[in-house]
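Heads up, the thing below is written out as structure tokens.
The values are calculated or read from the model by the stated rules, or taken from the named source; none is laboratory data. Computed from a predicted model, the values in this text were never measured in an experiment. Note: ideal-geometry Cβ built from the backbone for every residue, glycine included; neighbour counts use all protein chains shown. To get the accessible areas, we keep the full protein, side chains included, count just its heavy atoms, and leave off ligands, DNA and RNA. Shrake-Rupley method; radii C 1.70, N 1.55, O 1.52, S 1.80 Å.
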2 protein chains.
Amino acid sequence: MQKTPAEFKAEILAALAHPNRIRIVEYIRKDIRCNCELAPALELEQSNLSRHLKILVQAGVLVSWKDGLRVNFKVADERIFKILDTATALAKQFVEKKIEALQEA
Amino acid sequence: MQKTPAEFKAEILAALAHPNRIRIVEYIRKDIRCNCELAPALELEQSNLSRHLKILVQAGVLVSWKDGLRVNFKVADERIFKILDTATALAKQFVEKKIEALQEA
DNA sequence: ACGCTATATGAGCATTCACTCATATAGTCA
DNA sequence: TGACTATATGAGTGAATGCTCATATAGCGT
């Protein structure tokens, strides 16, 4: 079945729309990391991390390649960070507005 | 319970990460729309649409105000479109790369 | 071959999500 | 007031998600 444009956009956003996946992407930033390094750093269970990484790769957020036993990852495109940074700015502004509204009341 | 930074970012992305909600936001773009106009235009059941709109408002993607019987909506911030447009560009590029890879093989 | 390390995946579980139908609420107008 | 319109919400359902434990696979070094 053919995917609609909205479905394509939703897919990449859905891949990013999870706290642990955001932590993974931000931890990797410009460096190259392997699964084995991420698990202890982010305190994620190995199989859980592996599944999150798979989701990110399948959505095109990360690219991965094998290096012996390890699988390395890097962020596929700088624009991923633009999305995250914009989301951060919006979230921050939204929370601040809410606090303002509370203080006025 | 205190929300982590990653959770805040994930929330706004999760609000956007659904095909129907993307369609809603893109239909509204810069215009002001009411629930009653969106339902037939997007072919969404009224209660379903109402719930999607609630999610978008709660995440700060849309702002709403009452006007008589109607509830009107507009997109809260231009940067929402930056996120959507970037996601679109990334999705497009990713699909194209996949097709290339298939043709090489 | 063996053991060891890194990663992937099957199965099961609890939770959340998207949807629909029916009903409730709120505002308008005669 | 009552009829009508617009929106919200309770309840139920099936599907998807995130997690964990256990097991499988794959590549290394001895």
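Assorted remarks:
- Most mobile of A:GLN58, A:GLN93, A:GLN46 in a GNM of chain A (Cα contacts under 10 Å): A:GLN93
- Surface per residue (accessible, 1.4 Å probe) for the range B:5-76, Å²: 52 Å²
- Environment charge of A:ALA17, counting only residues whose C-beta is closer than 13 Å and scoring Lys/Arg +1, Asp/Glu -1: +2
- Pairs of lysines in chain A (C-alpha under 26 Å apart; 8 or more residues apart or interchain): 20
- Shielding by partners for peptide A:13-25, expressed as the average number of C-beta atoms from other protein chains within 10 Å of each residue's C-beta, is 6.
- The rule of thumb for compact globular proteins, 2.2 N^0.38 Å, goes into the C-alpha radius of gyration of the protein assembly as shown 1.12 times.
- Cα gyration tensor shape for the range B:5-76, rounded if a/c is under 1.5, else prolate or oblate: prolate
- Under the combined filter of DSSP loop state and at most 11 neighbouring Cβ atoms within 10 Å, the range A:5-62 retains these GluC sites (Glu not before Pro): A:GLU43, A:GLU45.
- The GluC sites (Glu not before Pro) found in the range B:65-105 that occupy coil by DSSP, while having at most 11 further C-beta atoms within 10 Å, are B:GLU78.
- The range B:8-62-the range A:42-105 distance, computed between alpha-carbon centres (Å): 22 Å
- The relative contact order of chain A comes to 24 percent, based on Cα pairs under 8 Å that sit 6 or more residues apart.
- The contact between chain B and chain A removes approximately 2800 Å² from the accessible area (both sides summed; 1.4 Å probe; ligands, DNA and RNA excluded).
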